[in-house]
Amino acid sequence: MQAWYRNARWLWLLWPLSVLFGVISGLRRRLFSLGLKRAYRAPVPVIVVGNLTVGGNGKTPMVVWLVEWLRTQGYNPGVISRGYGGRSEHYPLVLNGNTTAAQSGDEPVLIYRRTGCPVVVGPKRAEAAARLASLGADIIISDDGLQHYALSRDIELVVVDGKRRYGNGHLLPMGPLREGEWRLAGVDAIINNGGPAGPGEYLMTLTPGNLQPVTGQGEAPQLGSKVHALAGIGHPPRFFSTLETQGFILDKQVALADHQAMVPEQLAELGDKPLLITEKDAVKWPGGHKQCWYLPVRATLPTEFEHMLSNRLKELNHGD
(Lines give C-alpha, C1' and ligand atoms only; values in the text may rest on other atoms or scores of the structure.)
Protein backbone atom coordinates (compact mmCIF):
# COMPACT_ATOMS: atom_id res chain seq x y z
CA MET A 1 0.00 0.00 0.00
CA GLN A 2 1.66 3.19 -1.20
CA ALA A 3 -0.12 5.24 1.49
CA TRP A 4 2.14 3.62 4.09
CA TYR A 5 5.14 5.31 2.49
CA ARG A 6 3.45 8.70 2.07
CA ASN A 7 2.26 8.86 5.69
CA ALA A 8 -1.32 9.57 4.59
CA ARG A 9 -3.43 11.07 7.38
CA TRP A 10 -6.43 8.83 6.81
CA LEU A 11 -4.36 5.87 8.00
CA TRP A 12 -4.94 7.07 11.57
CA LEU A 13 -8.43 5.63 11.21
CA LEU A 14 -6.75 2.22 11.31
CA TRP A 15 -4.80 2.95 14.51
CA PRO A 16 -7.12 0.87 16.77
CA LEU A 17 -6.63 -2.14 14.50
CA SER A 18 -2.86 -1.66 14.63
CA VAL A 19 -3.00 -1.64 18.43
CA LEU A 20 -4.98 -4.88 18.37
CA PHE A 21 -2.51 -6.41 15.90
CA GLY A 22 0.38 -5.45 18.18
CA VAL A 23 -1.30 -6.96 21.24
CA ILE A 24 -2.08 -10.26 19.52
CA SER A 25 1.34 -10.64 17.88
CA GLY A 26 3.08 -9.65 21.10
CA LEU A 27 1.11 -12.20 23.10
CA ARG A 28 1.94 -14.94 20.62
CA ARG A 29 5.64 -14.04 20.71
CA ARG A 30 5.53 -14.08 24.52
CA LEU A 31 3.98 -17.54 24.62
CA PHE A 32 6.89 -18.90 22.58
CA SER A 33 9.51 -17.11 24.67
CA LEU A 34 8.02 -18.56 27.88
CA GLY A 35 7.86 -22.03 26.39
CA LEU A 36 4.08 -22.20 26.64
CA LYS A 37 4.03 -22.73 22.89
CA ARG A 38 6.74 -25.09 21.70
CA ALA A 39 9.12 -24.20 18.86
CA TYR A 40 10.65 -26.90 16.69
CA ARG A 41 14.44 -27.20 16.85
CA ALA A 42 15.84 -28.56 13.57
CA PRO A 43 18.77 -31.00 13.75
CA VAL A 44 20.91 -28.56 11.72
CA PRO A 45 21.49 -24.78 11.99
CA VAL A 46 18.73 -22.50 10.69
CA ILE A 47 19.30 -19.07 9.15
CA VAL A 48 16.22 -16.89 8.74
CA VAL A 49 16.26 -14.26 6.00
CA GLY A 50 13.28 -12.03 6.77
CA ASN A 51 12.03 -8.49 7.07
CA LEU A 52 9.90 -6.29 9.27
CA THR A 53 7.61 -5.04 6.53
CA VAL A 54 5.13 -6.74 4.22
CA GLY A 55 6.04 -6.82 0.55
CA GLY A 56 9.31 -7.53 -1.19
CA ASN A 57 12.53 -5.99 0.08
CA GLY A 58 15.08 -8.09 -1.80
CA LYS A 59 15.05 -11.28 0.26
CA THR A 60 15.21 -13.62 -2.74
CA PRO A 61 18.53 -12.30 -4.15
CA MET A 62 19.87 -12.44 -0.60
CA VAL A 63 18.82 -16.09 -0.24
CA VAL A 64 20.45 -16.98 -3.57
CA TRP A 65 23.66 -15.23 -2.50
CA LEU A 66 23.58 -17.07 0.82
CA VAL A 67 23.18 -20.47 -0.81
CA GLU A 68 26.13 -19.84 -3.09
CA TRP A 69 28.31 -18.42 -0.30
CA LEU A 70 27.57 -21.28 2.09
CA ARG A 71 28.66 -23.74 -0.58
CA THR A 72 32.05 -22.02 -0.76
CA GLN A 73 32.31 -22.57 3.00
CA GLY A 74 31.78 -26.30 2.63
CA TYR A 75 28.10 -26.49 3.54
CA ASN A 76 25.28 -28.28 1.74
CA PRO A 77 22.48 -25.71 2.16
CA GLY A 78 18.78 -26.05 1.47
CA VAL A 79 15.90 -23.58 1.52
CA ILE A 80 12.44 -23.68 3.07
CA SER A 81 9.63 -21.29 2.15
CA ARG A 82 5.98 -20.66 2.88
CA GLY A 83 5.40 -20.67 -0.87
CA TYR A 84 3.16 -17.64 -0.99
CA GLY A 85 0.70 -17.79 -3.88
CA GLY A 86 1.24 -21.49 -4.52
CA ARG A 87 -1.22 -24.29 -3.95
CA SER A 88 -0.10 -27.88 -3.68
CA GLU A 89 -2.11 -31.05 -3.08
CA HIS A 90 0.29 -32.01 -0.32
CA TYR A 91 2.85 -30.45 2.03
CA PRO A 92 5.71 -30.33 2.60
CA LEU A 93 6.39 -30.04 -1.13
CA VAL A 94 9.89 -30.90 -2.37
CA LEU A 95 10.60 -28.98 -5.56
CA ASN A 96 11.86 -30.65 -8.71
CA GLY A 97 12.38 -29.62 -12.30
CA ASN A 98 8.68 -29.97 -13.08
CA THR A 99 7.34 -27.94 -10.15
CA THR A 100 5.41 -24.87 -11.28
CA ALA A 101 4.98 -21.49 -9.61
CA ALA A 102 1.26 -22.29 -9.34
CA GLN A 103 2.16 -25.20 -7.07
CA SER A 104 4.94 -23.72 -4.95
CA GLY A 105 4.85 -19.95 -5.45
CA ASP A 106 7.20 -17.95 -7.65
CA GLU A 107 10.11 -17.33 -5.29
CA PRO A 108 10.83 -21.00 -4.44
CA VAL A 109 10.91 -21.88 -8.14
CA LEU A 110 13.30 -19.01 -8.83
CA ILE A 111 15.61 -20.09 -6.01
CA TYR A 112 15.53 -23.72 -7.12
CA ARG A 113 16.30 -22.90 -10.75
CA ARG A 114 19.06 -20.45 -9.91
CA THR A 115 20.87 -22.55 -7.31
CA GLY A 116 19.81 -26.17 -7.83
CA CYS A 117 19.78 -26.61 -4.05
CA PRO A 118 16.99 -28.59 -2.36
CA VAL A 119 13.92 -26.41 -1.73
CA VAL A 120 10.96 -27.46 0.40
CA VAL A 121 7.70 -25.52 0.62
CA GLY A 122 5.07 -25.72 3.33
CA PRO A 123 2.84 -23.52 5.47
CA LYS A 124 4.32 -25.22 8.55
CA ARG A 125 7.98 -24.38 8.38
CA ALA A 126 8.86 -26.91 11.09
CA GLU A 127 7.62 -29.73 8.85
CA ALA A 128 9.44 -28.25 5.87
CA ALA A 129 12.66 -27.96 7.88
CA ALA A 130 12.44 -31.56 9.08
CA ARG A 131 11.88 -32.77 5.52
CA LEU A 132 14.79 -30.70 4.22
CA ALA A 133 17.15 -32.04 6.87
CA SER A 134 16.11 -35.59 5.91
CA LEU A 135 17.22 -34.81 2.34
CA GLY A 136 20.79 -34.20 3.53
CA ALA A 137 20.93 -30.42 3.98
CA ASP A 138 23.37 -29.56 6.77
CA ILE A 139 22.17 -25.97 7.09
CA ILE A 140 18.71 -24.53 6.44
CA ILE A 141 17.84 -21.11 5.03
CA SER A 142 14.31 -19.96 5.79
CA ASP A 143 13.10 -17.62 3.07
CA ASP A 144 11.05 -15.20 5.16
CA GLY A 145 9.74 -16.42 8.51
CA LEU A 146 11.25 -13.86 10.90
CA GLN A 147 7.90 -13.81 12.71
CA HIS A 148 7.36 -17.59 12.43
CA TYR A 149 8.39 -18.40 16.00
CA ALA A 150 7.25 -22.00 15.75
CA LEU A 151 10.64 -22.66 14.14
CA SER A 152 13.74 -22.04 16.25
CA ARG A 153 16.56 -20.25 14.49
CA ASP A 154 20.27 -19.72 15.05
CA ILE A 155 20.92 -16.66 12.88
CA GLU A 156 18.50 -13.89 11.91
CA LEU A 157 19.18 -11.64 8.91
CA VAL A 158 16.78 -8.79 8.15
CA VAL A 159 16.62 -7.20 4.70
CA VAL A 160 15.40 -3.60 4.45
CA ASP A 161 14.59 -1.58 1.33
CA GLY A 162 17.11 1.25 1.38
CA LYS A 163 14.69 3.80 -0.03
CA ARG A 164 11.32 2.86 1.47
CA ARG A 165 12.77 1.54 4.74
CA TYR A 166 9.96 1.12 7.31
CA GLY A 167 7.38 3.44 5.80
CA ASN A 168 5.45 5.42 8.38
CA GLY A 169 6.78 3.21 11.17
CA HIS A 170 3.40 1.80 12.25
CA LEU A 171 2.20 -1.76 12.59
CA LEU A 172 -0.30 -3.37 10.24
CA PRO A 173 -2.79 -2.29 8.98
CA MET A 174 -1.96 1.35 9.71
CA GLY A 175 1.57 0.82 8.46
CA PRO A 176 3.68 -1.87 6.78
CA LEU A 177 5.34 -3.28 9.91
CA ARG A 178 4.83 -6.85 11.08
CA GLU A 179 6.77 -6.03 14.25
CA GLY A 180 8.11 -2.80 15.70
CA GLU A 181 11.56 -1.48 14.85
CA TRP A 182 12.65 -2.54 18.35
CA ARG A 183 12.87 -6.06 16.90
CA LEU A 184 16.02 -5.11 15.00
CA ALA A 185 18.01 -4.97 18.23
CA GLY A 186 17.85 -8.74 18.49
CA VAL A 187 18.87 -9.76 14.97
CA ASP A 188 22.35 -10.70 13.81
CA ALA A 189 22.51 -8.33 10.84
CA ILE A 190 20.51 -5.75 8.90
CA ILE A 191 21.10 -5.88 5.15
CA ASN A 192 20.23 -2.66 3.35
CA ASN A 193 19.10 -3.27 -0.22
CA GLY A 194 20.25 -0.41 -2.41
CA GLY A 195 21.26 2.11 0.25
CA PRO A 196 21.94 4.53 1.64
CA ALA A 197 22.97 2.24 4.47
CA GLY A 198 22.44 3.44 8.01
CA PRO A 199 24.77 2.90 10.97
CA GLY A 200 25.43 -0.79 11.57
CA GLU A 201 23.78 -1.87 8.31
CA TYR A 202 25.45 -3.92 5.57
CA LEU A 203 24.91 -2.58 2.06
CA MET A 204 23.64 -5.07 -0.53
CA THR A 205 23.83 -4.07 -4.18
CA LEU A 206 22.00 -5.81 -7.00
CA THR A 207 23.94 -6.02 -10.25
CA PRO A 208 21.93 -6.70 -13.44
CA GLY A 209 23.08 -9.53 -15.66
CA ASN A 210 22.48 -10.10 -19.36
CA LEU A 211 18.92 -10.31 -20.65
CA GLN A 212 17.70 -13.89 -20.91
CA PRO A 213 14.99 -15.06 -23.32
CA VAL A 214 11.56 -16.07 -22.12
CA THR A 215 10.02 -16.25 -25.58
CA GLY A 216 12.42 -13.94 -27.38
CA GLN A 217 13.79 -14.90 -30.78
CA GLY A 218 17.19 -13.77 -32.00
CA GLU A 219 19.24 -11.09 -30.25
CA ALA A 220 18.13 -9.41 -27.05
CA PRO A 221 17.07 -5.74 -27.21
CA GLN A 222 20.00 -3.37 -27.37
CA LEU A 223 20.60 -0.47 -25.01
CA GLY A 224 18.75 2.59 -26.26
CA SER A 225 15.88 0.49 -27.61
CA LYS A 226 12.26 1.32 -26.88
CA VAL A 227 10.77 -1.48 -24.79
CA HIS A 228 7.83 -2.29 -22.55
CA ALA A 229 8.53 -3.20 -18.93
CA LEU A 230 6.49 -5.26 -16.48
CA ALA A 231 7.17 -6.10 -12.85
CA GLY A 232 5.13 -7.99 -10.27
CA ILE A 233 7.45 -7.49 -7.30
CA GLY A 234 7.31 -5.62 -4.01
CA HIS A 235 8.52 -2.33 -5.49
CA PRO A 236 8.20 -2.24 -9.33
CA PRO A 237 9.70 1.28 -9.69
CA ARG A 238 13.06 -0.16 -8.64
CA PHE A 239 13.02 -2.50 -11.66
CA PHE A 240 11.92 0.26 -14.03
CA SER A 241 14.65 2.54 -12.73
CA THR A 242 17.25 -0.21 -13.26
CA LEU A 243 16.22 -0.60 -16.90
CA GLU A 244 16.37 3.16 -17.50
CA THR A 245 19.78 3.36 -15.83
CA GLN A 246 20.99 0.70 -18.25
CA GLY A 247 19.83 2.86 -21.16
CA PHE A 248 16.51 1.35 -22.18
CA ILE A 249 13.66 3.66 -23.15
CA LEU A 250 10.48 2.50 -21.44
CA ASP A 251 7.51 3.00 -23.72
CA LYS A 252 5.07 1.40 -21.28
CA GLN A 253 5.45 0.44 -17.63
CA VAL A 254 3.14 -2.15 -16.12
CA ALA A 255 3.33 -2.43 -12.33
CA LEU A 256 1.62 -5.45 -10.79
CA ALA A 257 1.20 -6.29 -7.12
CA ASP A 258 3.81 -8.57 -5.57
CA HIS A 259 3.21 -12.18 -6.73
CA GLN A 260 0.33 -11.05 -9.00
CA ALA A 261 -0.17 -13.31 -11.98
CA MET A 262 0.16 -11.99 -15.51
CA VAL A 263 -2.73 -12.42 -17.94
CA PRO A 264 -1.88 -13.41 -21.55
CA GLU A 265 -4.54 -11.06 -22.94
CA GLN A 266 -3.01 -8.19 -20.99
CA LEU A 267 0.42 -8.93 -22.44
CA ALA A 268 -0.89 -9.25 -25.99
CA GLU A 269 -2.28 -5.71 -25.75
CA LEU A 270 1.19 -4.28 -25.22
CA GLY A 271 2.05 -4.57 -28.90
CA ASP A 272 5.14 -5.75 -30.72
CA LYS A 273 7.91 -3.94 -28.82
CA PRO A 274 10.17 -6.20 -26.73
CA LEU A 275 8.86 -6.83 -23.22
CA LEU A 276 11.32 -6.87 -20.31
CA ILE A 277 10.28 -8.50 -17.04
CA THR A 278 11.86 -9.61 -13.77
CA GLU A 279 13.18 -13.12 -13.22
CA LYS A 280 10.51 -13.57 -10.57
CA ASP A 281 7.83 -12.92 -13.20
CA ALA A 282 9.57 -15.16 -15.72
CA VAL A 283 9.09 -18.29 -13.60
CA LYS A 284 5.31 -17.88 -13.84
CA TRP A 285 5.21 -16.87 -17.51
CA PRO A 286 1.71 -17.45 -18.96
CA GLY A 287 2.45 -16.71 -22.62
CA GLY A 288 0.85 -13.95 -24.61
CA HIS A 289 3.86 -12.03 -25.94
CA LYS A 290 6.33 -13.17 -28.59
CA GLN A 291 9.33 -11.01 -27.64
CA CYS A 292 9.85 -11.31 -23.89
CA TRP A 293 13.11 -11.25 -21.95
CA TYR A 294 13.91 -11.26 -18.25
CA LEU A 295 16.66 -9.43 -16.41
CA PRO A 296 18.48 -11.49 -13.76
CA VAL A 297 20.18 -9.71 -10.89
CA ARG A 298 22.96 -10.84 -8.59
CA ALA A 299 23.50 -9.65 -5.04
CA THR A 300 26.84 -8.43 -3.76
CA LEU A 301 27.61 -7.99 -0.07
CA PRO A 302 30.64 -6.51 1.66
CA THR A 303 33.52 -8.56 3.01
CA GLU A 304 32.67 -7.36 6.51
CA PHE A 305 29.35 -9.16 6.28
CA GLU A 306 31.03 -12.38 5.17
CA HIS A 307 33.41 -12.18 8.14
CA MET A 308 30.54 -11.61 10.56
CA LEU A 309 28.58 -14.55 9.16
CA SER A 310 31.62 -16.81 9.16
CA ASN A 311 32.28 -16.00 12.81
CA ARG A 312 28.68 -16.69 13.77
CA LEU A 313 28.79 -20.08 12.07
CA LYS A 314 32.04 -20.93 13.85
CA GLU A 315 30.38 -20.06 17.15
CA LEU A 316 27.52 -22.44 16.33
CA ASN A 317 29.90 -25.24 15.38
CA HIS A 318 31.98 -24.66 18.51
CA GLY A 319 28.80 -24.86 20.56
CA ASP A 320 28.15 -28.32 19.18
**Study point:** Peptides ranked, highest mean first, by Cβ atoms within 10 Å: ranges 74-80, 250-256
**Key:** 74-80, 250-256
Review point. For the chain, what is the per residue volume of the convex hull drawn over the alpha-carbon atoms, in cubic angstrom?
Key: 151
Check your understanding: Tell me which lysines have Cα within less than 28 Å of residue 290's Cα, excluding those fewer than 8 residues away on the same chain?
Key -> 226, 252, 273, 280
**Study point:** segment 74-126 and segment 1-21: distance between their alpha carbon centers, rounded to Å
**Key:** 33
Practice item. Quick one: among 52, 135, 34, which has the greatest mean-square fluctuation in a GNM of the chain with alpha-carbon springs under 10 angstrom? Key: 34
Practice item. Please work out the average accessible area per residue across segment 1-124, using the 1.4 Å probe convention, and give it in Å². Key: 53
Check your understanding: Do any GluC sites (Glu not before Pro) in segment 158-255 lie in a DSSP loop with no more than 11 other beta carbon atoms within 10 Å, and if so, which?
Key -> 219
Review point. Rounded to a whole number, what is D in µm²/s for segment 211-299 from Stokes-Einstein with the Kirkwood radius over alpha-carbon pairs (20 °C, 1.002 mPa s)?
Key: 168
Exercise for review: Just grab the label-to-label distance for residue 40 and residue 308, each label 7 Å out from Cα along the Cβ direction, in nm (one decimal).
Suggested key: 2.9
Exercise for review: Pick out which of 180, 169, 218 has the largest mean-square fluctuation in a Gaussian network model of the chain, springs linking Cα atoms closer than 10 Å.
Suggested key: 218
Study note, to complete from the structure: Taking the reciprocal of mean 1/r across every pair of different Cα atoms in segment 56-108, the Kirkwood radius in Å is 12.3
Check your understanding: Taking the chain as a Gaussian network, Cα atoms linked when under 10 Å apart, which of 109, 44, 67 shows the biggest mean-square fluctuation?
Key -> 44
Check your understanding: Under a 1.4 Å probe, what is the accessible area of segment 247-304 per residue, stated in Å²?
Key -> 47
Point to revise | Kirkwood Rh (inverse of mean 1/r, distinct Cα pairs), segment 130-172, angstrom | key: 13.1
**Study point:** Residue-averaged [θ]222 nm for the chain, counting only DSSP H segments that reach four residues, each worth -39500 (n - 2.57)
**Key:** -8500 deg cm²/dmol
Exercise for review: Using only alpha carbon positions, build the gyration tensor of segment 1-111, then give the equivalent ellipsoid semi-axes as the square roots of 5 times its eigenvalues, largest first, whole angstrom.
Suggested key: 31, 21, 16
Review point. Given that compact globular proteins tend to follow 2.2 N^0.38 Å, what is the ratio of the alpha-carbon Rg of segment 156-281 to that value?
Key: 1.27
**Study point:** Length added when fully stretched, residue 90-residue 8, from 0.36 nm per residue minus Cα-Cα
**Key:** 25.3 nm
Check your understanding: Under the definition of Cα pairs under 8 Å and six or more residues apart, what whole-number percent is the relative contact order of segment 1-148?
Key -> 30
Practice item. Just read off the accessible area of residue 14 with the full protein assembly in place, 1.4 Å probe, to the nearest 10 Å². Key: 40
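The values are calculated or read from the model by the stated rules, or taken from the named source; none is laboratory data. Please read all numbers here as calculations on a predicted model, not as lab measurements. Don't worry about glycine lacking a Cβ; one is built from the backbone with ideal geometry, like all the others, and counts go over all protein chains shown. These accessible areas exclude ligands, DNA and RNA; they are computed on the full protein's heavy atoms, side chains included. Shrake-Rupley method; radii C 1.70, N 1.55, O 1.52, S 1.80 Å.
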